[in-house]
């Protein structure tokens, strides 16, 4: 008895992979200035027209390479009598918070631009609201500012934090690790780490014996306020800008200036 042959199966056409080959990418390590790297961080994580609160704005050096109309910027600092631990914004009002405090535990070692800021926060005094001193006081500022950032950020909002490691009392303190570990407990998901290397070669005024490597880099850490159930999918690349939800007047998001 003859059996009929089955017709050959048609091969499924393979989908063409999306995207193009390129080396024009945002990388994780740069040698240069804050403003160049910061602009790249924004481009990768914060959609244009977002409401961004830079709570340690100072002279606005981070924003030199960012178009003035790209974001709705709220620039505050202690000079404007606005403490990063007590922001005048409503809960869930902000799309992105930027935080760049002093990295060192004493104004004598902090760079000039941060000395006034550190004096205002009193990192080494018992009047800073906690009993912590020196490096632990610096961490305390990061942690308490993070609590306030979480309050004002919308769900899935972005928190950009600048930090640097230090050796304190001959003890290696990896600040970026301490921050990541603590922030994860607070409800932040770490999304990225950028390394910024200094252009010049750092030195010391008087060297007897070198014990640890001299640090010549700092970090931009990118966190997302999230319950961790969703993964970061990146900004929209379909040709239309993915903008934040429509808002009423900006003033409605601010309690009082």
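Since every read-out is calculated from the coordinates, none of them should be taken as a lab result. Just so it is clear, the structure is predicted and the values come from calculations on it, not from any experiment. Note: ideal-geometry Cβ built from the backbone for every residue, glycine included; neighbour counts use all protein chains shown.
Cα centroids of region 153-213 and region 30-96: 19 Å apart.
Modelled label positions at residue 216 and residue 28, each set 7 Å beyond Cα in the direction of Cβ, lie 2.1 nm from each other.
For residue 193 and residue 90, the FRET efficiency from 1/(1 + (r/R0)^6), where r spans their Cβ atoms and R0 equals 41 Å, is about 0.85.
Just order 174-182, 144-152, 221-229 by mean Cβ neighbour count inside 10 Å, highest at the front, would you? If you can, show how the numbers build up before the last one.
On the way: 174-182: 15.9, 144-152: 19.7, 221-229: 17.4.
Averaged packing, sorted descending, gives the order 144-152, 221-229, 174-182.
Here the simple spin-label model places points 7 Å from the Cα toward Cβ, and for residue 201 and residue 174 these points are separated by 2.7 nm.
If you wrap the Cα atoms of region 164-223 in a convex hull and average its projected area over all directions, you get 5.0 nm².
Simple spin-label estimate for residue 156 and residue 10 gives 3.8 nm between the two label positions (7 Å along the Cα-to-Cβ direction from each Cα).
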